[in-house]
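Notes follow the structure.
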Amino acid sequence: MARYFFHIRDHSSSILDEEGRELPDRKAAEAKALEAARDTLSHDIKSGFIDLRYRIEVEDDDGIVIHVLPLEDAFVVRR
């Protein structure tokens, strides 16, 4: 299992994941990033304000960004 880190970033600030999470592969890390993005957005919805400036950057153990997920790509709006 590899360790992946899920950082939340915008243009000027970062919330770094210091511990990371062990997952079997990159595909599992991408799925976990989507889950984390949707969880973050669910908290925003409850507060009545959605901030889409952020993205989740997934880094591997070597510090290489292997996946970037803007929060706005984590959902679909149907009107």
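The values are calculated or read from the model by the stated rules, or taken from the named source; none is laboratory data. Computed from a predicted model, the values in this text were never measured in an experiment. Note: ideal-geometry Cβ built from the backbone for every residue, glycine included; neighbour counts use all protein chains shown. Areas reflect the complete protein model, heavy atoms only, side chains present, ligands, DNA and RNA absent. Shrake-Rupley method; radii C 1.70, N 1.55, O 1.52, S 1.80 Å.
What the table below lists for this structure:
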quantity	calculated
Any hit, segment 37-60, residues being aromatic (Phe, Trp, Tyr), in contact with a Leu (Cβ under 6 Å, 6 or more places away or on another chain) and more than 19 Å from VAL77 (Cβ to Cβ)	no
Residues that are surrounded by 11 or more Cβ atoms within 10 Å (Cβ to Cβ) and of a type outside the set (Asp, Glu), drawn from segment 21-38	ARG21, LEU23, ARG26, ALA28, ALA29, ALA31, LYS32, ALA33, LEU34, ALA36, ALA37, ARG38
Counted residues, segment 66-79 - those being open to solvent by 60 Å² or more (accessible area, probe 1.4 Å) and outside any helix (DSSP H, G or I)	6
Test for LEU41: is it over 22 Å from MET1 (Cα atoms) and open to solvent by 30 Å² or more (accessible area, probe 1.4 Å)	no
Selection from segment 44-65 of residues that are in a strand (DSSP E or B), over 12 Å from ARG3 (Cβ atoms) and open to solvent by less than 50 Å² (accessible area, probe 1.4 Å)	ILE56, GLU57
First in segment 16-45 and polar (S, T, N, Q), second anywhere and surrounded by 13 or more Cβ atoms within 10 Å (Cβ to Cβ) and not in a helix (DSSP H, G or I), Cβ under 9 Å, 6 or more apart	THR40/ILE8; THR40/TYR54; THR40/ILE56; THR40/ALA74
